[in-house]
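Contents: one structure, followed by commentary.
The values are calculated or read from the model by the stated rules, or taken from the named source; none is laboratory data. These numbers come from a predicted model, not from an experiment. Counting neighbours? That spans all protein chains shown, and the Cβs are built from the backbone with ideal geometry, glycine included. Note: areas computed on protein heavy atoms with side chains; ligands, DNA, RNA excluded. Shrake-Rupley method; radii C 1.70, N 1.55, O 1.52, S 1.80 Å.
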Amino acid sequence: MKSSLKLVDCIIEVHDARIPLSGRNPLFQETLGLKPHLLVLNKMDLADLTEQQKIMQRLEGEGLKNVIFTNCLKDENVKQIIPMVTELMGSSPRYHRGENLEYCIMVIGVPNVGKSSLINSLRRQHLRKGKAARVGGEPGITRAVMSRIQVSERPLMFLLDTPGVLAPRIESVETGLKLALCGTVLDHLVGEETMADYLLFTLNRHQRFGYVQHYGLGSACDSIERVLKSVAVKLGKTQKVKVLTGTGDVNVVQPDYPAAARDFLHTFRRGLLGPVMLDLDILRGHPPAETVP
């Protein structure tokens, strides 16, 4: 990414709108220098944006004045990006175009926030063309800084897609869990039941009880074991387990907790539990306290 910087006029950083204040890689700002910078908060359809004004104020306090919320799958707000980028590059004292009439923009972000979806959406909007970048529902689909992809004719604009890059050290356990819930880390590396437990805690803390209705639970519950048991029973996810007893082996049917946890996470990620703002604790002045050693 660093070696491609000299070809780049502007940087578009894509992040997940459910975690607008946490989980961004702080090294981007240091590494990518003083290029014009636009923050795109994608997957806005999955985020509870009731506190959008507060989010914008917090980001502005961090020096991020150019922010757009998007849903790249439905092309929401994507049309604003190229005019905004053109304006940023035109008004930047660091941009010396010379006789070069084309623009080159680098797309960066942590894994699985929709960088490739953004590129494909821009192509649909401005070139009426389809996919140029592979898209996947898990991190690690884009593996190298790709060749340039044209996204606009007037102005002539190319994007460089890049692999998702997480910070080498996550600032806290809670930030790590938020990143995991948003799919920026492969689930098995964190543990699906651990993530489901944190998701249940977060939904209850923010009084988001869509899971109660979705799974027909009757009432909210703090016990992840009870919730996953109900989910497993409802979905028919059970497994036979051999139990050794004094009189021999007995087959016992048990709820499949890992399968229930996977379903709980996937249902959340598809927005079926309602829109959620995972950074509500930070907005309300309760930053995550625990630091990972």
Whole-Hz ³J(HN,Hα) from phi, Karplus 6.51 cos²θ - 1.76 cosθ + 1.60, for the stretch 72-87, glycine and proline x = 5, 6, 10, 6, 6, 6, 5, 4, 6, 5, 5, x, 5, 5, 4, 5
Dipole magnitude of the chain about its Cα centre (Cβ charges: Lys, Arg +1; Asp, Glu -1), debye to nearest 20 = 840 debye
Enter the angle in degrees (range 0 to 90, nearest 10) between the Cα long axis of helix 115-127 and the first principal axis of the Cα atoms of the chain, meaning the one along which they spread out most.
-> 50 degrees
Residues with amide H under 5 Å of Thr70's amide H, sequence separation 5 or more or different chain, H placed in the peptide plane at 1.01 Å from N; which?
-> Leu41, Asn42, Lys43, Met44
Computed FRET value (nearest 0.05) for Arg284 with Asp249, which takes r as the C-beta separation and R₀ as 45 Å = 0.25
Please state the Cα pair-distance histogram of the stretch 30-126 with 10 angstrom bins from zero: what percent is in each bin?
-> 13, 44, 35, 7, 1
What FRET efficiency would be calculated for the residue pair Glu102, Leu73, taking the C-beta separation as r and a Förster radius of 30 Å, to the nearest 0.05?
-> 0.60
Using a 1.4 angstrom probe, figure out how much accessible area the stretch 12-51 has per residue, in square angstrom, rounded to the nearest whole.
-> 32 Å²
Per the helix-only calculation at 222 nm, which mean residue ellipticity applies to the chain, given -39500 (n - 2.57) for every DSSP H run of n ≥ 4 and division by its residues, nearest 500 deg cm²/dmol?
-> -10000 deg cm²/dmol
Measure nothing fancy, just the Cα-based angle from helix 224-235's long axis to the longest principal axis of the chain, in degrees from 0 to 90, nearest 10.
-> 90 degrees
What does the charge count near Leu235 come to, summing +1 for each Lys or Arg and -1 for each Asp or Glu among other residues with Cβ under 13 Å from its Cβ?
-> +2
Charge tally for neighbours of Gln125 with beta carbon under 9 Å away, counting Lys, Arg as +1 and Asp, Glu as -1, is +3
With only Lys, Arg, Asp and Glu charged, each at its Cβ (+1 for the first two, -1 for the last two), find how big the charge dipole of the stretch 15-97 is about the Cα centre; round to the nearest 20 debye.
-> 260 debye
Under 15 Å from Lys65, Cα to Cα: aspartates and glutamates that are on another chain or at least 8 residues apart | Glu13, Glu87
Diffusion constant of the chain at 25 °C, which comes from Stokes-Einstein with the Kirkwood Cα-pair radius and 0.890 mPa s, µm²/s = 118 µm²/s
Local electrostatic count at Val14 - Lys and Arg +1, Asp and Glu -1, tallied over other residues with Cβ under 12 Å = 0
Glu30 versus Leu127, label points 7 Å from Cα toward the beta carbon: distance in nm?
-> 3.5 nm
Positive dipole terminus of the chain, leading residue within Tyr103, Ser230, Leu278 (C-beta point charges) = Tyr103
So which of Lys79/Lys129; Lys178/Lys237; Lys115/Lys178; Lys35/Lys74 end up more than 21 Å apart, counting from Cα to Cα?
-> Lys178/Lys237; Lys35/Lys74
Angle between the chain longest axis and helix 257-269 axis [Cα atoms, degrees, rounded to 10] = 30 degrees
Using amide H atoms built 1.01 Å from N in the peptide plane, name the residues 5+ places from His37, or on other chains, whose amide H lies under 5 Å from its own.
-> Ile11
